[in-house]
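Visitor: Questions regarding the structure given below will be posed in turn.
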Amino acid sequence: NNIKIKKYLDSKSLPCVYGKFKALFYVMRCKIIITSGTKISYLGVSKNTIKYTLWHGAGVKTTEYSNNFINTVKILADINYFDYINFTSKFTSNLVAKAVMKIPINKIVINGYPRYDQLIDKKNDKEIRNLKLYYISNLKLPEKININTKFIIYTPTWRVNDRKNFFPLLNMKGFEIEKFNKFLKDNNFFLLYTTHPNSIGRNINQSNIFYLNYDKLPLFDLTNFMLVCDILINDYATTSLDFTLLNKKQITVAFDFDNYLTHDGILEDDARNLPGSIINNYDELIKELINEFDIKSNNNLISKYYDMSINNSCHKNYEFIKKILNS
């Protein structure tokens, strides 16, 4: 129900339903519902409606662990309510789909993520340059930010026991936000960050740090934006796979790995198996931001979590949807 999204779709001559009552009318009559979430949140869905989730991320934190048995059962029930659940590789379809989510074989499909097509289909330097200029203008970044500024994207996930920890770097040994901002400014770096929907807290008020507020940017496409980013700072979020597909430098902040492993759950029990360069304190972060990129540090993630033979996920999903609609 976002008017900006409606106007955008209208400008592209793409039909859409706007308004809760209209949505309910069509939901009650539709033949298929396609989402990227973990559950169907619409009212009035018919039992005859085909329910398909593309899913929204593959990576080391895909455990659906909640530290509450009743809640976990509900999460798994919501997932299994779908008729088809999409995965990205044999590893994820076996370990995550079967072992973690208890999904029957006939519901599991491996179609990849349509949004990843733009990452696999590499752009040339001119296209990337123009895209970066577009984002500098569209996001209304400070005047000092230019085509030569290195973009760092920081995409931390949330913590079950500490939802207010929206910017985990603040808790890392030696990290001081003013000192870090000065480093960014002195080295012509600009950090843009997102927050997980389950996190509480938002804005960091610093000259070279910018919050990508989805509430104010309903048309913002993080996957597309990654094309113009130079470095990813991450922890255990599934965005690490996005950046791996781009063969770009990423730094994994793992100072709270043992705590996260205990309270939130993760598919890897050794921090050394995480992608990119692993850091645990501020000095290591600064060193890695300056160091050259070693592409080998990303290889393990991609071999497990994405089937690189899927180079046209949009078409693969289109053919799958057409098949189940006609069956």
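Visitor: In segment 251-272, which residues are crowded, with 18+ Cβ neighbours inside 10 Å, in contact (Cβ under 8 Å) with a residue 40 or more places away in the chain and outside any loop (DSSP other than H, G, I, E, B)?
Guide: Within segment 251-272, VAL253, TYR260 qualify.
Visitor: A further question on this structure: Name the residues in segment 312-327 that are of a type outside the set (S, T, N, Q), surrounded by 14 or more Cβ atoms within 10 Å (Cβ to Cβ) and touching an Asp or Glu at 6+ places or on another chain (Cβ under 9 Å), would you?
Guide: Those that are of a type outside the set (S, T, N, Q), surrounded by 14 or more Cβ atoms within 10 Å (Cβ to Cβ) and touching an Asp or Glu at 6+ places or on another chain (Cβ under 9 Å): CYS314, ILE324.
Visitor: Right, another one. Under 6 Å by Cβ, and 6 or more places apart or on different chains, what pairs join a residue from segment 230-250 that is touching a residue at least 60 places away in the same chain (Cβ under 8 Å) with one that is small (Gly, Ala, Ser)?
Guide: ASN234/SER240; THR238/GLY57; THR238/ALA58; THR238/GLY59; SER240/GLY59; LEU241/ALA58; LEU241/GLY59
Visitor: Sort out which residues of segment 103-159 are farther than 28 Å from ALA254 by Cα, assigned to a loop (DSSP other than H, G, I, E, B) and touching a helix residue (DSSP H, G or I) at 6+ places or on another chain (Cβ under 7 Å), and write them in order of number.
Guide: Matches in segment 103-159: ILE103, ASN111, LYS123, ILE145, ILE147.
Visitor: Let me ask you something else. As an exercise: evaluate VAL160 against (1) crowded, with 20+ Cβ neighbours inside 10 Å; (2) among the β-branched types (Val, Ile, Thr); (3) touching a residue at least 60 places away in the same chain (Cβ under 8 Å) and give the number of the one condition it does not meet.
Guide: (1)
Visitor: To continue, here is another question. Going through segment 31-46 one residue at a time, which ones are in a loop (DSSP other than H, G, I, E, B) and either in contact with a strand residue (DSSP E or B) (Cβ under 8 Å, 6 or more places away or on another chain) or closer than 24 Å to ASN111 by Cα (or both)?
Guide: Answer for segment 31-46, where residues must be in a loop (DSSP other than H, G, I, E, B) and either in contact with a strand residue (DSSP E or B) (Cβ under 8 Å, 6 or more places away or on another chain) or closer than 24 Å to ASN111 by Cα (or both): LYS31, SER36, GLY37, THR38, LYS39, ILE40, SER41, TYR42, VAL45.
This table checks each residue for (1) without any contact (Cβ under 8 Å) to a residue 40 or more places away in the chain; (2) in contact with a Gly (Cβ under 8 Å, 6 or more places away or on another chain); (3) within 19 Å of ILE231 (Cβ to Cβ); (4) part of a loop (DSSP other than H, G, I, E, B).
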| position | (1), (2), (3), (4) |
| --- | --- |
| PHE166 | yes, yes, no, yes |
| PHE183 | no, no, yes, no |
| LEU192 | no, no, yes, no |
| THR195 | yes, yes, yes, yes |
| ILE204 | yes, no, yes, yes |
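Visitor: Filter segment 88-118 for residues that are without any contact (Cβ under 8 Å) to a residue 12 or more places away in the chain and either among the aliphatic types (A, V, I, L, M) or under 15 Å from THR38 (Cα atoms) (or both); which is surrounded by the fewest Cβ atoms within 10 Å (Cβ to Cβ)?
Guide: Checking each candidate, the answer is ILE105.
Visitor: Failed condition for PHE25, given (1) outside any loop (DSSP other than H, G, I, E, B); (2) in contact (Cβ under 8 Å) with a residue 12 or more places away in the chain, with all others met?
Guide: Condition not satisfied by PHE25: (2).
Visitor: Please go through segment 1-22 and pick out each residue that is surrounded by 12 or more Cβ atoms within 10 Å (Cβ to Cβ) and either in a loop (DSSP other than H, G, I, E, B) or touching a Ser or Thr at 6+ places or on another chain (Cβ under 8 Å) (or both).
Guide: CYS16, VAL17, TYR18 - these are the residues of segment 1-22 that are surrounded by 12 or more Cβ atoms within 10 Å (Cβ to Cβ) and either in a loop (DSSP other than H, G, I, E, B) or touching a Ser or Thr at 6+ places or on another chain (Cβ under 8 Å) (or both).
We did not get these values from a lab; they are worked out from the coordinates using the rules stated. Everything numeric here is computed off the predicted structure, so don't read it as measured data. Please note: Cβ atoms are built from the backbone with ideal geometry, for glycine as well, and neighbour counts cover all protein chains shown.
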